[in-house]
Each structure stands twice: as structure tokens, then as C-alpha cells.
Amino acid sequence: MNSFFQVCKSEFYKLRTQKSARILSVVAILFYPILTLFAIFIMKLASVMQITDNTNGVKTQFSELELMKSVGWSSITAGISVAGVLVAIFAIMFFSSEFQSGSIYSTLIATPNRIKLYFAKFVSLFIFTYLIAVIGEILAYLSSIPFLINVEGQNLLLTVSSADDFRYILGSPLMLAFMAVICLALGCLFRSTSAGIIIYFLFSFVLSAALAGIALSLSSANTLLARIFSGIQAFLPFSGSDAFLSNSTSDLSSSASAQLEYVFPLDHLQGFLVMLLWVIVLTFASLLLFEKRDIK
Amino acid sequence: MLIEIVDSVSCYTYTMIEIKNVSKAFKKKKVLDNVSFVAKPGKVTGFLGPNGAGKTTTMKVLLELIYPDSGEAFVDEARFSQSKTPAKSVGALLDGKLMPKNRTPRTYLISVAKANKLDHTRIPHVLRETGLSHVANKKISTFSLGMCQRLSLSEALLGDPDNLILDEPVNGLDPEGIKWARDLFKKKAEEGKTVLVSSHILSEMENLADEIVIIAKGKIIKTGSLDEVKDGYSSLEDAFISLTGGDAEFKAGF
Ligand SMILES: Nc1ncnc2c1ncn2[C@@H]1O[C@H](COP(=O)(O)OP(=O)(O)OP(=O)(O)O)[C@@H](O)[C@H]1O
Ligand SMILES: [Mg+2]
């Protein structure tokens, strides 16, 4: 039987036995503890440095305890910044490489129902990337234990106490999985790894930076125009995940970015919805074209 | 005994390949023009035609990789994409070179088997059958054309399908491989399966095919049993050249 579950198993198997996906996912996982340890290292460094206030020359030294308290769940999940790029690459390749090697023919002969095949790839990639993030977080948490268990006599080990903590712990893997399925759609739409990767970089870095730059340069002259550009930037695919995972509290009025009048702010929920919208729109578009176009 | 007969009869009525009035154009260039034919169960049907005649395109239409502009293609009286057991219904070989280069035959066949819930013990079996056992864990990128072709064949055989759609399957095979493939296709037909094979090696076809379908410039110009097609000619090659003589799109010139 060529059931949906069977096809998922096949696609998951392809993913975990693909050498490039294996290497990239191991590196992605490792970046979680690496960035966590880096954050801890920075705090340790800051605690031994004196910070001089230039205006009055007063020297202040923050205590290690105070600094270490700022290591939170956002530090544990910071790895997503690098993992996102690595995951994007193999997510694009998951589809595009089949077109480029021509193995899409055999794949479609084994599973001629294209909708079934698409969603099997979608589901297996989603689960695969979610797991990458969760494993990364677990390793990051474990790596933080020796540094946080006893800071000046206090136990600073991270605990789960608020909804915000869940937003990081469970929401950050969700964002990584969203990014992956967006990239899957790019790979399927363009049928080429290089085209997919170029579009990904364009959307996630170039366009985003360009729009932010334009908004900034316009901000003093024309606030409305600046707000429009900033608004477009806020609705780019990966800005959604940034907003969802942003450090600011949900209370926007007090957040730093909202104080810049021209910036178009998204709160966590809105960020989540922007990501979800892109997932739905791109999945639908690439599914439609995949279903309709010839595989020549 | 009786059940066996009934079984074989029912299998004869259902497994077949049918193309009905299929037309297809690629950017205004008409590639298939009202193509119709049937490949019957229990027979090897040879699908012949000059380069660019539309053989591969026809096979891709059958596998629903390409959608026809008009007409229909059926495998076992249904569209292939509606099949609940695709690997048991159709085994296909399109082009041996179209393989995931960075995999091994074993992991590649496992992924195919998983998709169709096929018994994994078939994998060493088909690899042995196609002579690839000793390279089961080597990267496909290191394979020669003939080895890729053999791997494609093992993939096509994996589900022990009722229909075989094979585009130039002996391309790149050594003489021993060609003989093995010929015997295999004949055996499959004897088992009551439908075998559609395209090839340019007409002497080979003469030894293999029961039925012949000739296509030229996207049109079916002759169908019939091997003897009917050869009637009045000294060999299949003579018949083919005289039938398609004016139709070859690419002619060598001196
Ligand atoms: N992807 C494509 N885009 C445009 N035209 C194509 C495409 N694939 C095939 N064609 C055209 O369709 C026609 C039929 O090609 P096809 O591959 O079906 O021929 P064939 O009979 O298999 O030839 P050969 O014996 O050389 O394999 C050719 O004229 C070819 O140029
Ligand atoms: Mg061809």
C-alpha cells in the first residue's frame, strides 16, 4: 500500500540517510550549545570588566550574579539564527535535488499522487527540523548546567515558569520547522538548488536589510513612507519568526523598537501569524504548480 | 486448478496498458498526435520509432509525469496516479542516468520499498537478480551507464509489478546483460504481465517482441504482431526503415 503514512516513512528515511542533510543538521544542532556557551562566556567576561560611564567617569562593575541572571531561555534557543540558515539549505535541496538529479521520476513512479508526495515531504521535514531544534535545546540546556548551578552561591538553573518560557522552548523549534517548509516550497517552485538558495538569501537577508535601511534613511524626512517600508519588511517571511522570538515583552509600548516612531512593530502573535501565512501561501502555490506542471 | 484458471483469466483481462487519442504539444511543437494503442497482458510489446518520434514522451504520459493536452492513458483500466499500489501495478525504467547520485543502491531501494510497504527482503533479491549485490553499498555517482541501467531495472522489478514500462532498457548493457534482460522480459510476459519496451536495436526486438507499435513524428504508423509488421519484408529492420523512411526527423548526411 502506498498510504500517506508509508510515503512519509520513505521521505523521512531519505532525509535522515541523505549525507548533506545529516551533516548540516548535526552542525545545526551543535550551534545551540555553542551559542549558549558563548552567551555565558560574554557574561563572565563582562563580570570581570569595569564599565566606565564616560559622562561622569563613575566606574561600575556588575556582579556576576546579576549578569548571569540575564542568561535565559532566549540564550538556549539562540542557535536558531545559525540553524535556520543550515536547515534552509537542506530543506531547499530536499525537493530541488530530486529535480536536478532526475530522481523525481522514480519518486513519482513510486508515489504517483503528487499531493500525497508533497505533504509527505512537508510532514517529514517538519518533524525532522522540529527534532533538530529540540535536541539542540536539550544540549544547550545541559551545557549551561555547570555554569548556572552555582553562581555566587545561588542556583540560577533555568526553570519553566511563564508562558514566555514556552514561547522559546516550544515556539522556537516551531519557527525552525516553519522556515524549513517555506524553503521546501522554494525548492519545489524553482526546481533548482541554486535558484532556491538565492531567493532564500534575498528574502531573509538582502531584502530585509535593504528595506530596513531605506526605512531608516527616510525616517527623518518622511515618517509615513518610512513606516510603509518598515511595514513591508515586517511582513517578509523570516521577520515573522524574529518578531515571534523577540526578547521584548508583549507590551509593545515599552519595547525599544516601538520607541522609534517609524518602525512598524509586530508583537509575538502577529509574528507567528506572518510566518504561518507565508507557510500557507507558499505551500499552496508550490503544491498547485507541482500538481499541474509536467515533469519533463 | 479451476481457481488458478479463473485467476489467470482475470489477470489477463485487467493488466494492460492503454493509450487513447493522446495529443501533446511542447510550446506549439506537436510531439504526440492522436496516439492510441494497447499493450496486452502476456505479451511483450515493442515500441519503435526514430529519434524524437515521441516514445519517451508517450511513456511519461502513461506514468502521468506529463499531462496530455487531450486523450487519456490508462494502466489496468485506471489512471496511474489513482493506483493504491503503484509499485505493484507498474515498474518503470525511463533513463538509468536519472538517479540520486549521492545515495547507494541499498538506501535508494529501501526508500522506494518504504513508500509502497514492500517487503525489504526483495531488495537483496532484485540486486542479486540484476547483478549488483557486490556494489549495493557503493555510491551511485561512481556507477557506469550499464550499472545505472541495472539499478533502474532492479527498482522496476522491486514490487513485482503487473506492468513493465521500459524505455530503452538494454541501453548500455553488456551482451550477457542484454540476453539476461531479454529472458527476463519474456519470462514476465509468460507470467501474464504486460511488458512495453522501447528500443532502437531491431535485431534484439525481433527476438523479444510479440507485438509491435511503430511511432514516427508523433503519429502511430503501424501496430500489429511481429509477423504482421514484418510481412513482405526480409527483417524487422527493413520493415521499420521502409515504414519510417520518410519520417525520420534526424537523418545523417554525407
Ligand atoms: N522537455 C522537452 N521540452 C521540449 N520538447 C521536448 C522535451 N522533451 C522532448 N521534447 C521533444 O519531443 C519530441 C519527442 O521526444 P521523445 O523524447 O519522446 O522522443 P523519443 O522517441 O523518445 O526519441 P529517442 O529515440 O531519441 O529517445 C522531440 O522532438 C523532442 O524534441
Ligand atoms: Mg527516448
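The values are calculated or read from the model by the stated rules, or taken from the named source; none is laboratory data. Since the structure is predicted, the reported quantities are computational estimates derived from the model, not experimental observations. Cβ atoms come from the backbone with ideal geometry, glycine included; neighbour counts cover every protein chain shown. Calculation scope for accessible area: heavy atoms of the full protein, side chains included, ligands and nucleic acids excluded. Shrake-Rupley method; radii C 1.70, N 1.55, O 1.52, S 1.80 Å.
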Completion exercise
Computed for the protein assembly as shown: size of charge dipole around the Cα centre, +1 on C-beta of each Lys and Arg, -1 on C-beta of each Asp and Glu, debye to nearest 20, value 540
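If the limit is 25 Å between Cα atoms, which of A:K19/B:K138; A:K19/B:K84; A:K14/B:K139; A:K14/B:K186 go over it?
A:K19/B:K84; A:K14/B:K186
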Practice task
Convert 10 °C to kelvin, take the viscosity as 1.306 mPa s, use the Kirkwood radius over C-alpha pairs of the protein assembly as shown as Rh, and evaluate the Stokes-Einstein diffusion coefficient in µm²/s, rounded to a whole number.
Solution key: 59
Practice task
Assuming R0 = 25 Å, can you tell me the calculated FRET efficiency for the pair A:L202 and B:A25, based on Cβ-Cβ distance, to the nearest 0.05?
Solution key: 0.15
Practice task
Would you please classify the overall shape of the range A:131-258 from the alpha carbon gyration tensor, given that a ≥ b ≥ c denote the square roots of the eigenvalues, rounded means a/c under 1.5, and beyond that prolate means a/b larger than b/c while oblate covers the rest?
Solution key: oblate
Fill in the blank from the handout: With the dipole of chain A defined by +1 on each Lys or Arg Cβ and -1 on each Asp or Glu Cβ, the option from A:G72, A:L142, A:F99 whose Cα lies farthest towards the positive pole is A:F99
Practice task
Give the percent of DSSP beta bridges with both residues in chain B that are antiparallel, rounded to the nearest 5.
Solution key: 55
Handout entry: Along each principal axis, Cα extent of the range B:99-254, largest first, Å
Key = 50, 41, 28
Problem - At most 12 other Cβ within 10 Å, DSSP loop - chymotrypsin sites (Phe, Trp or Tyr not before Pro), the range A:62-96 - result: none
Exercise for the section: Using a 1.4 Å probe and ignoring any ligands, DNA or RNA, find the accessible area of B:K84 and quote it in Å² to the nearest 10. Expected result: 140
Practice task
Would you mind calculating the gained length between B:D231 and B:L145 on full extension (0.36 nm times residue separation, minus the Cα-Cα distance), in nm to one decimal?
Solution key: 27.4 nm
Handout entry: Charged-residue dipole, Cβ positions (Lys, Arg, Asp, Glu), chain B about Cα centre, Debye nearest 20
Key = 1320
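If exposed means no more than 15 neighbouring beta carbons inside 10 Å and the site is in a DSSP loop, what's the longest run of chain A without any exposed GluC sites (Glu not before Pro)?
Of all site-free stretches, the longest is A:1-151.
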Problem - Magnitude of the charge dipole, the range B:47-186, Cβ model with Lys/Arg +1 and Asp/Glu -1, debye to 20 - result: 680
Exercise for the section: Beyond 30 Å between alpha-carbons counts as too far, so tell me which of B:K24/B:K117; A:K296/B:K114; A:K9/B:K101 fall in that bin. Expected result: B:K24/B:K117
Practice task
Give the distance, in whole Å, between the Cα centre of the range A:1-43 and the Cα centre of the range A:136-194.
Solution key: 13
Handout entry: Beta bridges per DSSP with both ends in the protein assembly as shown, % antiparallel, nearest 5
Key = 55
Completion exercise
Heavy-atom accessible area of A:I145, protein chains in place, probe 1.4 angstrom, given in Å² to nearest 10, is 50
Fill in the blank from the handout: Output for the range B:143-224: chymotrypsin sites (Phe, Trp or Tyr not before Pro) sitting in coil per DSSP, at most 13 other Cβ within 10 Å, listed by number, reads none
Fill in the blank from the handout: Beyond 25 Å, the calculated P(r) of chain A holds a percent of Cα-Cα pairs equal to 56
Practice task
Report B:Y233's accessible area, 1.4 Å probe, all protein chains in place, as a number in Å² to the nearest 10.
Solution key: 90
Practice task
Could you calculate the contour length gain from A:L216 to A:R16, that is, 0.36 nm times the residue separation minus the distance between their Cα atoms, to one decimal place in nm?
Solution key: 67.7 nm
Handout entry: Prolate/oblate/rounded call for the range A:3-129, Cα gyration tensor, a/c under 1.5 rounded
Key = prolate
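Looking at chain B, which longest stretch skips every one of the GluC sites (Glu not before Pro) that is in a DSSP loop with at most 15 other Cβ atoms within 10 Å, leaving the sites themselves out? Please list the in-between numbers first.
Details: sites that count: B:E77, B:E191, B:E249.
Longest gap between qualifying sites, sites excluded: B:78-190.
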Exercise for the section: Could you let me know the centre-to-centre spacing of the range B:177-206 and the range A:56-127, using Cα atoms, in angstrom? Expected result: 48
Problem - Solvent-accessible area buried by pairing B with A, both sides, nearest 100 square angstrom, 1.4 angstrom probe - result: 2800
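Rounded, prolate or oblate for the range B:126-205? Axes are the square roots of the Cα gyration tensor eigenvalues, ordered a ≥ b ≥ c, and the cut-off for rounded is a/c under 1.5. The partial results should precede the final answer.
Details: a/c = 1.98, a/b = 1.35, b/c = 1.46.
It comes out oblate by the Cα gyration axes.
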Practice task
Work out the charge dipole of chain A with +1 on the Cβ of Lys and Arg and -1 on the Cβ of Asp and Glu about the Cα centre, then indicate which of A:V274, A:A221, A:L125 is farthest towards its positive end.
Solution key: A:L125
